[in-house]
Number of protein chains: 2
Amino acid sequence: MPKFKSPIANRQSPIVILGIDPGLADTGFGVIEKLGHQLTAIDCGSIKTPAKTLIENRLKTIYQELNKLIKKYRPQLIGVEQIFFAKNAKTAIAVSQARGVILLTAGQHHIPIVEFSPLQVKMALTSYGQASKNQVEQMVKIILKLKSIPKPDDAADALAIAICSANQS
Amino acid sequence: MPKFKSPIANRQSPIVILGIDPGLADTGFGVIEKLGHQLTAIDCGSIKTPAKTLIENRLKTIYQELNKLIKKYRPQLIGVEQIFFAKNAKTAIAVSQARGVILLTAGQHHIPIVEFSPLQVKMALTSYGQASKNQVEQMVKIILKLKSIPKPDDAADALAIAICSANQS
């Protein structure tokens, strides 16, 4: 019988969380690990689809790229931003269509989904509902101990959603 | 050398068209065959998803059932109703998410998609943009030589979209 417990056996295994900022042209993604209260950025970026392409092919690209990300990182939780409607109905339809494909993909992999409104994301990261995009991005940088704000914006937004999801997990 | 051409060799093969009226709770579908100017109803119905179910599971049901329909009838053209926005933003988001999954599914099977607004459907079937739901359904019954108006409403609407698509094919 070992005298000491192995430190490896004691170690918690990190939870992998994927945050997604849905869009038809740009779907931001951010992958983080949560170990205890420690959050670490693993990857982030944006799934881009060209404007002059059939809508069904743009949705297929989102589906395929998201499948690749899920297979690569095996997230245990996916956070998806809710759709904010005030600005433009046409954009909202396009984003909702992309969002449907994202929720379907998460569902096909049996990964639990949490959803946050833009207001909830701002409140969770800055405690201020009127926070600017830049203030939220600064908090992403600080919380994840990054050297700079991740680019593009969608990637930083997706990391913010992943941080929100980690706080709920 | 045969004296007469075989009537079978002369026969055009029919085009199979699938019309879809997207919805999260009820996605109507209608399958018709077009041979020359003759349209024939093959099947219609509604993919239903229970309200108290996770959104991702409802979208998975739509994806799976639509895949089954496509494998069964092998449509060469899919017509999908566009989203009409005036009434309720929340419903519009839900329908758009379902619609994204429908477009993705059609795209994965490499089937061309045509899209129609509710106004275009009314104009195509009744030549009257202010036509009532019942007037459109009566025209579906007449054009497809049905004994009665198909039920549920979503199925009749989907057949109307299939007829529109046939006129464009």
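The values are calculated or read from the model by the stated rules, or taken from the named source; none is laboratory data. The structure displayed is predicted, hence computed values, not measured ones. Every residue, glycine as well, gets a Cβ built from its backbone with ideal geometry; the counts of neighbours run over all protein chains shown. Keep in mind that these areas ignore ligands, DNA and RNA; they rest on the heavy atoms of the full protein, side chains included. Shrake-Rupley method; radii C 1.70, N 1.55, O 1.52, S 1.80 Å.
At-a-glance table
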item: Matching option when the condition is modelled with pLDDT of 95 or more and open to solvent by less than 70 Å² (accessible area, probe 1.4 Å), among B:125, B:103; result: B:103
item: Restricting the range B:18-53 to residues that are among the acidic types (Asp, Glu) and open to solvent by 30 Å² or more (accessible area, probe 1.4 Å), the residue that is nearest to the other protein chains (Cβ to nearest Cβ); result: B:26
item: Scan of the range A:146-169 for residues that are touching a residue at least 40 places away in the same chain (Cβ under 8 Å) and open to solvent by 40 Å² or more (accessible area, probe 1.4 Å), ordered by number; result: A:146, A:152, A:153, A:167, A:168, A:169
item: Filtered residues of the range A:52-84 (kept if hydrophobic (A, V, I, L, M, F, W, C) and under 12 Å from residue A:98 (Cα atoms)); result: A:55, A:59, A:62, A:66, A:80, A:83
item: Pair list, Cβ under 9 Å, 6 or more apart: the range A:36-47 residue β-branched (Val, Ile, Thr), other residue part of a loop (DSSP other than H, G, I, E, B); result: A:40/A:14; A:40/A:144; A:40/A:145; A:47/A:23
item: Within the range B:19-49, tally of residues that are aliphatic (A, V, I, L, M) and within 12 Å of residue B:165 (Cβ to Cβ); result: 4
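Condition check ((1) without any contact (Cβ under 8 Å) to a residue 24 or more places away in the chain; (2) at the interface with another protein chain (Cβ under 7 Å from one of its Cβ atoms); (3) not β-branched (Val, Ile, Thr)) across all residues:
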site: B:55; (1), (2), (3): no, yes, no
site: B:61; (1), (2), (3): yes, no, no
site: B:66; (1), (2), (3): no, no, yes
site: B:71; (1), (2), (3): yes, no, yes
site: B:91; (1), (2), (3): yes, no, no
